[in-house]
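The values are calculated or read from the model by the stated rules, or taken from the named source; none is laboratory data. Not measured: the values here are computed from a predicted model. Neighbour counts are summed over all protein chains in view; Cβ atoms, including those assigned to glycine, are modelled from backbone coordinates with ideal geometry. Calculation scope for accessible area: heavy atoms of the full protein, side chains included, ligands and nucleic acids excluded. Shrake-Rupley method; radii C 1.70, N 1.55, O 1.52, S 1.80 Å.
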Amino acid sequence: MEELEEHLQQFELLADKLSEDGYAIIDNFISKQQIRDLLAVLNHHQEQGTFKKAGIGASDQYQVDKQVRGDYIRWIEPSQALPPTRVFLNRMDELMRYINRTCYLGLKDYEFHFTVYPPGTVYKRHIDQFQTNDHRQLSCILYLNEDWLPEHGGNLRLYLPKVDGSEEEIDVLPVAGRLACFRSNLLPHEVLPATRHRYSLTGWLKDQLNELPFL
Ligand code: OGA
Ligand code: MN
């Protein structure tokens, strides 16, 4: 199948699932080669020592608590992105435009970081919108874990609210090339511990432009 046509079909599926269920899981979102290229970039950033322990809360309430959140992150500065990262960001641009034509979320910008969860670390149940800053509309996570098996753990667990007030739990294995996408303000979720390092690109499509960091 033509690549562009395949991309379009994935976007259609994603938009349909999002509006029906509030979340979407798309497999083979990027090619095996792109996965390897992104892992090489991630490795490069690690060797440069530019990953930082992640915290919780917006800037004014920022705190680091590794019982709650044990991952290390490296924010992407789009103007300085290496080619494989650029390819991914361009795809997110396309996705944002597609969703704006079909789902009316008024998306304007995105922010992404590379993410590493060392074995045994977690991110306890939370939602992705900050109390003081509610511009995150869609959470998107692209997993980069080759040969990941159920026994490695590390599921993303989504808690779907049901009409009777109960919750349905959906577990998503973080296998390479899989994109998980969900409404940032609606779905509580958590990251379960894994036996291996767990790699991903994590980010948000937002309804407000990012503030320029270098002014
Ligand atoms: C997050 C998060 C989920 C995942 O970074 O906010 O919930 O599967 N990540 O990595
Ligand atoms: Mn989250």
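Amide H to amide H distances under 5 Å link Lys108 with Lys206, Asp207, Gln208, where only residues 5 or more positions off or on other chains count and H is placed in the peptide plane.
The GluC sites (Glu not before Pro) of segment 123-195 that meet both conditions, a loop assignment by DSSP and at most 14 other Cβ atoms within 10 Å of the site Cβ, are Glu146. In a fully extended conformation the segment linking Phe130 and Ile56 would gain 25.7 nm over its present Cα-Cα distance, using 0.36 nm per residue.
Restriction of the chymotrypsin sites (Phe, Trp or Tyr not before Pro) in segment 4-92 to DSSP coil positions whose beta-carbon has at most 13 other beta-carbons within 10 angstrom yields Tyr62. Shown here are the Rg and Dmax of the Cα trace of the chain, at 16.5, 50 Å. Shape index of segment 101-215: Rg/Rh, with Rg the Cα radius of gyration and Rh the Kirkwood radius from the inverse mean 1/r over Cα pairs, equals 0.99.
Please give the contour-minus-distance gain from Ser166 to Ser79: 0.36 nm per residue of separation, less the Cα-Cα distance, rounded to one decimal in nm. Provide the component values of the computation, followed by the final result.
Numbers: separation 87, 0.36 × 87 = 31.32 nm, distance 4.41 nm.
Once the chain is fully extended between Ser166 and Ser79, it gains 26.9 nm.
Return the carbon/sulfur percentage of the accessible area of the chain, one whole number, probe 1.4 Å, all protein chains in place. Carbon plus sulfur share of accessible area: 50 percent. Using the Cβ-Cβ distance between Asp65 and Gln33 with R0 = 41 Å, the FRET efficiency computed as 1/(1 + (r/R0)^6) comes to roughly 0.65.
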